[in-house]
Amino acid sequence: MNQDRIRKLLSEVKQGGVSVEAAIKELSRLPFIDTESARVDTHRALRQGIPEVIFGLGKTPAQIAEVAAALTEAGQPVLVTRLESGDAKEVQKVVQGGVYDATARILFYGSDSVDIVGKGTIAVVSAGTADSPVAAEAAVVAQRFGNRVERVQDVGVAGIHRLFAAEEILRAARVLIVVAGMEGALPSVVGGMVDKPVIAVPTSIGYGVSLGGLTALFGMLTSCASNVTVVNIDNGFGAAYAATLINRL
């Protein structure tokens, strides 16, 4: 439930379209719903502007379906991240419908069209094809959160002319999410090209001393481009969340 839904509900009560008892029943779902394995935060959209999102990794399909059903019952959109295809199919057997994006590893329920609430465009820029799952996670989450999203793919510094060809898109964006593994140089380069916030996402892609993304993380944290900030390794979701809040300011 969000502020718009509460306003609509109270208006319907005032006009006699909804009984006081029905309104009390709906409001009783605030601020959370207890299920067998979770306490679902149905109040989060009201507090933070974005509903609770289900992190699929480490949860069983049954647990995910339980939370998804509670959110659906509360009239909220459902977004599940880090969900493998087999588990997504099991969830969809219990909670019918939903759309699964195999690259982003995201399952969502709700309208295919989302109201645009972001003031500008979020550009999601990725260095290599191997970074696509994390970049796709960032792009899909940003879209589901009501942003216009522009993708720029496979523009790593090994072929930096590819990045320069997308300069117009980069400069037009209000916020940029830049995803890279290996040495993690791309966010610094992009940061030096634009006057907007750059959210760097290190990925766990790379050989040997890339150390599962630590080398990229350290490189991004020590960037000399002052408009670059950094989220955790492979955290496309966190980057999209932060970019959404910035894009709403």
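The values are calculated or read from the model by the stated rules, or taken from the named source; none is laboratory data. This is a predicted model, so every value here is computed, not measured. Reconstructed Cβ throughout: ideal geometry from the backbone, glycine too, with neighbour counts over all protein chains shown.
Residue count for segment 28-64, restricted to those that are loosely packed, with under 13 Cβ neighbours inside 10 Å, modelled with pLDDT under 85 and not in a loop (DSSP other than H, G, I, E, B): 2. The combined condition, being closer than 30 Å to residue 212 by Cα and either of a type in the set (Gly, Ala, Ser) or outside the structural domain of residue 203 (by TED's automatic domain parsing) (or both), is not fulfilled by residue 146. Can you find a residue in segment 95-117 that is of a type outside the set (Ser, Thr, Tyr), within 17 Å of residue 187 (Cβ to Cβ) and part of a loop (DSSP other than H, G, I, E, B)? No, there is no match, as no residue in segment 95-117 is of a type outside the set (Ser, Thr, Tyr), within 17 Å of residue 187 (Cβ to Cβ) and part of a loop (DSSP other than H, G, I, E, B). For residue 164, the conditions (1) within 21 Å of the chain's Cα centre (by Cα); (2) free of Cβ contacts under 8 Å to residues at least 24 places away in the same chain all hold with the exception of (1).
One residue alone among 88, 139 is part of a helix (DSSP H, G or I), over 21 Å from residue 191 (Cβ atoms) and not acidic (Asp, Glu), and that residue is 88. Of the helices (runs of 4 or more DSSP H) lying entirely inside segment 161-222, not one carries at least 2 residues that are crowded, with 19+ Cβ neighbours inside 10 Å and among the aromatic types (Phe, Trp, Tyr).
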